[in-house]
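Q: Right, I'll just put the structure down here and ask away after.
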Amino acid sequence: MSQYLLMNRNTYLTLNIGESMREQISKLIVDERVKIMDKDSLHITFLFCGELLHKISNNDLVIWNIMLNEMISECSVPHMNVIDFALFPPEKQNLIVAIMHVSPSIIELQKQIVEYTDSLGGTFSEIANMNRDWIPHITLGKIQAKKSEVKQVGTDIINNFSSYTDSHNSDGISVSGMMPIRMNDGLKFSKFKG
């Protein structure tokens, strides 16, 4: 029985963060008003697909997935470092993120993947449009406070560690999120963390 993995559901490509960087970053926030991300789930989202892949045919997904894997396989392990901290997204500001500097080759790869994805048209263009203004960042935690207090709580926390800087290499790029395993006798979903 043949089987293969396809990206689907809330799926995204990630830049994986090395163990030493995950360890250091996971200890930055010590505040009960923040739901801290699990250390093992810290990553930089490289290309977010949301649930849009449900609209794409199996054949088109296979072709896209093969091409992405080829593009990624040619990439060297990226270097990255924290350059700032911010509240995200701009309209809610309820997440604390570390803004990352990544190597120019990674920025170029992300642009190439977005352009290739856009060239396929239709739903692929929707995915490309969601990823054009890429800001490499790591979500550290979600602020658990009253709506009127969220921004101030976040600003106070960020001010406590704004002098942090560190530099590391990535563990590489992988696919994360929900992965359907397509087999000759059907389809089943399983949680996949690359």
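The values are calculated or read from the model by the stated rules, or taken from the named source; none is laboratory data. Everything quoted here is computed from the prediction, not taken from an experiment. Glycine also receives a Cβ, built like all others from the backbone with ideal geometry; neighbour counts cover every protein chain displayed. Heads up: the accessible areas ignore ligands, DNA and RNA and are worked out on the full protein's heavy atoms, side chains in. Shrake-Rupley method; radii C 1.70, N 1.55, O 1.52, S 1.80 Å.
Q: For LYS27, list the aspartates and glutamates whose Cα falls under 19 Å from its own Cα; do not include residues on the same chain fewer than 8 positions away.
A: Partners found: GLU19, ASP38, ASP40, ASP84, ASP156, ASP166.
Q: Label-point separation (nm) for GLU19 and PHE48, each offset 7 Å from Cα along Cα-to-Cβ?
A: Those two pseudo-labels are separated by 3.0 nm.
Q: Nothing charged except the Cβ atoms of Lys and Arg (+1) and of Asp and Glu (-1): what's the magnitude of the dipole of the range 106-148 about its Cα centre? Round to the nearest 20 debye.
A: So the dipole magnitude of the range 106-148 works out to roughly 460 debye.
Q: Could you compute how much accessible surface SER76 exposes when probed at 1.4 Å, giving the result in Å² to the nearest 10?
A: 80 Å²
Q: What distance in nm separates the two pseudo spin-label positions at SER105 and SER73, each 7 Å out from Cα along the beta-carbon direction?
A: Between SER105 and SER73, the simple spin-label model gives 1.7 nm.
Q: Order of 68-75, 51-58, 40-47 by packing, highest average Cβ count within 10 Å first?
A: Order by mean packing, descending: 40-47, 51-58, 68-75.
Q: Can you compute the modelled spin-label distance between GLN144 and ARG33, with each label point 7 Å from Cα toward Cβ, in nm?
A: So the label points at GLN144 and ARG33 sit 1.4 nm apart.
Q: Then there's this: Give the Rg/Rh ratio for the range 1-150, taking Rg as the radius of gyration of the Cα atoms and Rh as the Kirkwood radius, to two decimals.
A: 1.00
Q: Could you state how much accessible area TYR12 has, in square angstrom rounded to the nearest 10, with a 1.4 Å probe and all protein chains kept in place?
A: Its accessible surface works out to 40 Å², give or take rounding.
Q: Quote the FRET efficiency, to the nearest 0.05, computed for ALA86 versus ASN59 with a Förster distance R0 of 30 Å and r equal to the Cβ-Cβ distance.
A: 0.15
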